[in-house]
1. Suppose R0 equals 30 Å; then what is the FRET efficiency for A:V102 and A:T258 from their Cβ-Cβ distance, rounded to the nearest 0.05?
2. Run the simple label-point estimate for B:Y162 and B:Q129 please: 7 Å along Cα→C-beta, distance reported in nm.
3. So if each residue of separation counts as 0.36 nm, and I subtract the Cα-Cα distance between A:R293 and A:H24, what length gain in nm does that give?
4. Would you please state the base-10 log of I(q)/I(0) at q = 0.13, 0.30, 0.31 1/Å for region A:158-206, with intensities from the Debye formula using one equal scatterer on every alpha carbon?
5. Once you list every other residue whose beta carbon is under 14 Å from the beta carbon of A:W107, what net charge do they have if Lys and Arg are +1 and Asp and Glu are -1?
6. Could you tell me how many cubic angstrom of Cα convex hull volume region B:5-335 has per residue?
7. Please give the per residue volume of the convex hull enclosing the alpha carbon atoms of region B:27-162, rounded to a whole number of Å³.
8. Sorted by packing (mean other beta-carbon atoms within 10 Å per residue), highest first, where do A:66-73, A:234-241 land?
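No lab work stands behind these numbers, since they all come straight from the coordinates. These numbers were taken from a predicted model, which means no experiment stands behind them. Counting neighbours? That spans all protein chains shown, and the Cβs are built from the backbone with ideal geometry, glycine included.
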Amino acid sequence: MRVAVIGAGVIGLSTALCIHEQYHSLVPSLDVEVYADRYSPHTASDGAAGLWQPYLSDHGNLQETLWNKETFDYLLGHLGSPAAKEMGLFLISGYNLFTQPVPDPSWKNIVLGFRNLTPKELELFPGYSYGWFNTALMLECRTYLPWLTNKLTQGGVKFFHKKVESFQEVSSAGVDVVINCTGMRAGELQPDPELQPGRGQVIRVLAPWVKHFIITHDVKSGIYKSPYVIPGSEFTVLGGIYQHGNWNEENSAQDHKTIWENCCRLLPALQKAKIIEEWSGLRPARPCVRLERETIRHGHLQAEVIHNYGHGGFGITIHWGCAMAVARLVGSILQEKKLARSPQPRL
Amino acid sequence: MAAPKVAVVGAGVIGLSTALCITETCPSCSVTVLADQFSPNTTSDVAAGMLIPHTYPGTPIHVQKQWFKETFTYLFAISNSAEASEAGIHLVSGWQVFKNTPKEELPFWSDVVLGFRPMSEAELQKFPQHQFGQAFTTLKCDCPSYLLWLEKRLKATGVQMYTRRVADLWDLRSEYNIVVNCAGIGARQLVGDENLFPVRGQVLKVHAPWVKNFIRDGDGLTYVYPGLPRVTLGGTREKDVWSLSPDPDTTQDIFDRCCSLEPSLQEAQDIKVKVGLRPSRQCVRLQKEVFSQGGLKLLVVHNYGHGAGGFSVHRGTAKEAARLVRECIATLHGSSLRAKL
């Protein structure tokens, strides 16, 4: 049975790996392939700082909160292993800052050591009167994606560098299940007006003295429109841009100024930081993640498509939970085709 | 009388910060720093520079707490300013973990550091060999950067610094009115203080930039301190050992102990080994002394013996030493007045 994953960002590659890990020994005939026109370091995932942190509110979407938790627990379990460094995975502590008290987030018990900030800590951040401290995880895609690719290659998964123009293109070539992890450009395969770009821009600097993430929030403006500083293993990411509906992937000088001034006001020490590079990308934003199965018919051909896109600015945060959900759907398909050796796939 | 001439002997964190405090509190003084070693060859350069106090058995707790608080407040302000990167001061969060729950669950400094609280069960799961822990945020000095920054500020105020091995404080009497003894472990020989003894510490400085949190075993022997940009792995506390040569077996032992606290350190690169001798004493010697020979006098202020806690209390003891220098100046002034009468 042939499974084709379209898209090689964090969603595509992790979904491919999850499917491969769960079924390759159960289904000897299973062939997993990855198709993408952009690979690391040219995917949207590569631009992300890599901090595990969901949005402030889950808007009652418990499914997504569960997927976030599954991802965190999965990554936390890998922390003590030798693979952690090769995955680009490490612990990081930091601050979320507000200008007014806010309710605790859905993820307060998922992260480690969540608490409110003390008055002395708030002195560090003039203009902010309320905040949280917690320990979370960083997963740097510039390292994680190559690690995923390596594991997939070792497992015999084939990679194709091409832009898939339609589901039919892939299904008519004999693929049984298509996993649609096309992120921002899912609309090109099947129109989806709910999928819109949330354009972001970041500046990467050298600031090794920054050991904490600092995310500010302006509850009125919305997520990622307020400055944030996230230290990685090599560079520190400065950001604070979210432009709904803007498809432009070019860096904007105005946005650079906004990010730089706001972040330096937040952390005066950044004025001495050396700027290394600038990057823009499009968060594949959607009111909720589209993760569902669809049967696509074309003439007498039929293919199963499993959609897994629309993860906005929380792709890394939610990726493994979604990958496992897709794998379960693949399991149902295998059941239907009576291809699995044992009645239930190992989770 | 002419501007008092003050010599500060020693250019580690204590000597340089004391010299700086003296220029701040006695702007009319002429201050000179004399040392046989400057950064990067002082004991301070080896230290991790974490603001976690060491308890001195011979000093009242409220005094130690005052010193720590002054130091913390001073560095907190720098860490929050544009100077932070040059001074090498940054905030760092992490955990102090204990194999056995300590008798004293709240150390005297728990309300000086930020966000101090016991670790949650979930956090403790990361440390299977440890039963109890404390999470907090504190400050760290990148010692070589901080010393250079202090030197720069001293030069800006006109302080001269000379490489000179002072064998006897009395030798300075003809050139200086007041001598401040910040010789650290050198004070053993310089003033013959048998109460001062080395506690040898070997550390590894490694490249592991993904380590963002500190981890310290409550026994004080094993610690992982992320820095700028190297991570300090420690350590040892060898009383009365004077050797400055790195010991390879010790290196392996430190590495193993730190990897058991933080497994990802197995991937650490470019391991550099350093050794320092903590200038240890029951209590910090922070007092005035008058040296007399013939009819001649030399006013001395001692500020040494900070052991494992130098960085944690340096500004507090420097301020106290500067206050003692002011008292000495008043004494000199009084004597010169009396001489006129």
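1. After rounding to 0.05, the efficiency reads 0.80.
2. Distance between label points: 5.1 nm.
3. Taking A:R293 through A:H24 to full extension adds about 94.8 nm, to one decimal.
4. Values returned for q = 0.13, 0.30, 0.31 Å⁻¹ are -0.46, -1.26, -1.30.
5. Charge balance in the 14 Å sphere: -2.
6. 132 Å³
7. Here the figure is 158 Å³ per residue.
8. Working: A:66-73: 20.5, A:234-241: 23.9.
Highest to lowest by the protection proxy: A:234-241, A:66-73.
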